[in-house]
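Presented below is the structure to which this report refers.
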């Protein structure tokens, strides 16, 4: 959703269109496969200045420190993340994870805390937490923070138009 928002707001996005839209993500995935190999080959960064690229947080550790990065760290209720992953695996007919949600949530929280302990010491990374759940309920309030973090480089009104309540399917009540 955030990549689509940034694109709608006028920011160029870096994507390779390899992973196409499906039932789990009808608007597409906005992924760029080269980010997965950043540790071995970061040459893709040369053409990325001023563009948004989607990365799993664990890949941020691999970004070279000789460049600066602004990171929009999407946060969502972990129960919803786990429910979404479970739904996606079920739809693909993949075996479920033998680890229960409670244990998975504990592991995830521990990893996130480790990441948050690491990031303040990274002078090359500026990070803002963006609350997915707040975007769903009060989009302009949360997206204003993103707009300011990006020094006004995106059109706030266009970004807000992307919010689609029909796609918020794995809610925790």
Length added when fully stretched, residue 51-residue 134, from 0.36 nm per residue minus Cα-Cα: 27.4 nm
Approximate spin-label separation residue 116-residue 58, in nm, with each point projected 7 Å along Cα-to-Cβ: 2.0
Label residue 40 and residue 155 with points 7 Å out from Cα along Cα→Cβ: what is the distance between them in nm? 4.0
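What is the fewest-to-most order of 13, 56 by other Cβ atoms lying within 10 Å of their Cβ? Could you put the intermediate results ahead of the total?
Numbers: 13 15, 56 9.
Listed from fewest to most nearby Cβ atoms, that is 56, 13.
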Mind ordering 105-115, 62-72 by average Cβ neighbours within 10 Å, highest first? 62-72, 105-115
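Let's test the formula: R0 of 22 Å, r as the Cβ-Cβ distance of residue 144 and residue 74. What FRET efficiency results, to the nearest 0.05?
0.85
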Most exposed to least, judged by fewest other Cβ atoms within 10 Å, 46, 33, 142 sort to 46, 33, 142
Using 0.36 nm per residue, how much length does the chain from residue 123 to residue 33 gain when fully extended, once their Cα-Cα distance is taken away? 29.8 nm
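Ranked by Cβ crowding within 10 angstrom, fewest neighbours first, how are 124, 147 ordered? Kindly include the intermediate steps, with their values, before the conclusion.
Numbers: 124 11, 147 19.
Final ranking by Cβ density, sparse to dense: 124, 147.
A short reminder: the numbers here are calculations on the coordinates, not readings from a lab. These numbers come from a predicted model, not from an experiment. Don't worry about glycine lacking a Cβ; one is built from the backbone with ideal geometry, like all the others, and counts go over all protein chains shown.
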